[in-house]
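The values are calculated or read from the model by the stated rules, or taken from the named source; none is laboratory data. Not measured: the values here are computed from a predicted model. Using ideal geometry, Cβ is built from the backbone for each residue, glycine included, and neighbour counts are taken over all protein chains shown. Accessible surface is based on the protein model in full, side chains and every heavy atom, while ligands, DNA and RNA are left aside. Shrake-Rupley method; radii C 1.70, N 1.55, O 1.52, S 1.80 Å.
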Amino acid sequence: WWVAPQPVAASHPLVTEQPAETEHLASCQSGGSGEESQSTDGGALSALGPGIALAGVPAVLAMQGNVSMLTMNEFIPCFLKGLQRDGQIDRAVAVARGRVRARFDWWSPTLFLRLRSGRLWYTPGFGGEGSMKNWPALLGNIAKGRCTPLLGPGLVEYLVGSRHNLARDWAQTFRFPLPQSRGELPEVAQFLAYEQDSQFPRDELIRYLQIHLQRQYPQIIKQASDPTNISAVMKDVWESQISVQSDDPFLVLAELPLPIYVTTNVSSILEHALVKAGKAPERGICRWKKDIDMEPTVFESEPDYRPSVERPLVYYLYGHIDVPDSLVLTQDDYFDFLIGVTQNKDLVPPSVRASLVNSSLLLLGYPFESWDFRVLFRWLIDLEGSSRRDRYAHVAAQFDPEDSEMIDTARARSYLSSYFNRNANISLYWGASQAFIADLQKELRARENAALP
């Protein structure tokens with residue numbers, strides 16, 4: 001069988017230069033039982049292909065019955081060559097089946113597809129235009145320090161796992177009763193807070209992170225000086241990854257000459273990246289509710305502090321893992337946060353509020369439909385002075401809405417583009433945040449080279 005992951009960018013390793021050399025397993029009867037007289041496994045593999053698709057994998061190519069190696073030797077190279085062309089897997093399968101139509105087992109390869117458009121990947125960029133018109137304006141604002149990154153959970157998923165998987169794990173473990181919301185962390189966390197107590201989901205989050213990191217990086221955890229300190233462990237894990245990944249998004253963002261970074265991630269990875277960039281970052285945590293017990297912020301200990309490129313502010317809007325009470329986790333937390341920062345604007349420092357209306361915004365790592373983004377965006381567009389934001393170029397990186405739940409992908413894309421543009425004049429970059437950051441690096445280098453005599 002050949003299994004495709006979630007839709008990816010065209011730079012993904014699946015898009016190879018030599019498709020005929022791609023490794024795969026051709027497994028007979030993985031897509032159906034075939035003829036009973038030919039079955040030798042008692043039907044054990046008969047539902048493997050559709051079973052994988054049923055588990056949520058977007059595309060699975062499996063065999064309905066027995067298939068010969070000669071057929072596969074012709075089918076697979078043709079299939080991968082067609083797939084490499086533009087990621088349109090249903091067309092690639094049809095062309096490959098046509099290639100082997102003279103073979104007795106031409107009918108065996110079958111496709112189980114959850115994607116309505118049949119496209120597995122796409123070329124990252126700004127829609128049909130291919131490039132953003134106002135790159136020069138954005139780069140100029142970055143050079144002048146008039147840019148504020150807003151960093152979401154998608155940037156750290158490669159280290160700590162996805163919030164979707166965490167929600168499903170909790171839903172299964174604690175028997176969450178609403179199947180349609182099993183992948184929504186705020187809704188599952190709300191259930192845990194109701195069933196247990198308000199601290200339970202916070203404690204479980206820290207425990208989950210410890211278990212996940214232990215499983216994924218056992219050697220690093222083994223060498224950690226304090227395996228129970230989740231912040232220290234995440235730092236060790238991140239540093240182990242950047243040793244083999246020089247284009248880490250946090251390192252790239254930390255090199256930018258910016259005074260303020262706003263994040264809804266709960267780890268200190270960005271702070272560590274800024275230190276590696278030779279800066280001395282300061283931490284700020286939003287007191288979105290009155291009973292958060294934490295150390296005085298830099299604005300309280302240093303009333304004259306002003307964020308600068310040398311001493312940038314990393315502002316944690318949804319809390320920090322070191323202060324569990326500060327975490328915005330459940331549905332009620334999101335509502336309380338939005339009510340709190342709306343009714344009392346001073347909960348967020350003036351310098352942070354000013355940066356969100358008087359600079360270019362980079363929204364990275366936020367799925368459009370997530371609670372993290374929807375609450376943040378609602379607050380952003382209602383901020384006092386939001387009309388001044390029209391003077392700047394803004395960008396949000398969004399995965400192309402290529403999902404089995406999308407009824408009409410093209411209309412979904414058009415809707416999202418219009419929504420962002422009308423409400424906040426934001427250009428949408430269709431692709432992963434890492435892909436946008438890589439393009440940003442290229443544009444910055446091109447700008448630097450153009451400035452050289």
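Scanning region 213-231 for residues that are outside any loop (DSSP other than H, G, I, E, B), over 18 Å from residue 155 (Cα atoms) and open to solvent by 30 Å² or more (accessible area, probe 1.4 Å) gives 214, 215, 218, 219, 220, 222, 223.
Applying the set (1) surrounded by fewer than 18 Cβ atoms within 10 Å (Cβ to Cβ); (2) assigned to a helix (DSSP H, G or I); (3) at pLDDT 85 or above; (4) not aromatic (Phe, Trp, Tyr) to residue 128 leaves exactly one unmet item: (3).
Pull up region 140-183, narrow it to residues that are in a loop (DSSP other than H, G, I, E, B) and aliphatic (A, V, I, L, M), then point me to the one that is farthest from residue 440 (Cα to Cα).
Narrowing region 140-183 to residues in a loop (DSSP other than H, G, I, E, B): 144-146, 152, 156, 161-162, 174-178, 182-183.
After this cut, where a residue has to be aliphatic (A, V, I, L, M) as well, the list is 156, 178.
Working: 156: 19, 178: 41 Å.
Only one residue tops the list, namely 178.
Each residue in region 369-387 was checked for being in contact with a Pro (Cβ under 8 Å, 6 or more places away or on another chain) and among the hydrophobic types (A, V, I, L, M, F, W, C), and 2 of them qualify. Among the residues of region 365-411, the ones that are open to solvent by 60 Å² or more (accessible area, probe 1.4 Å) and either at pLDDT 80 or above or among the small types (Gly, Ala, Ser) (or both) come to 10 in all.
Condition check ((1) assigned to a helix (DSSP H, G or I); (2) out of contact with any strand residue (DSSP E or B) (no Cβ under 9 Å at 6 or more places or on another chain); (3) open to solvent by less than 20 Å² (accessible area, probe 1.4 Å); (4) within 15 Å of residue 49 (Cβ to Cβ)) across all residues:
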position: 65; (1), (2), (3), (4): no, yes, yes, yes
position: 76; (1), (2), (3), (4): yes, no, yes, no
position: 82; (1), (2), (3), (4): yes, no, no, no
position: 91; (1), (2), (3), (4): yes, yes, no, no
position: 98; (1), (2), (3), (4): yes, yes, no, no
position: 105; (1), (2), (3), (4): no, no, yes, no
position: 111; (1), (2), (3), (4): no, no, no, yes
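Number of residues in region 158-175 that are at pLDDT 90 or above and at positive phi: the value is 1.
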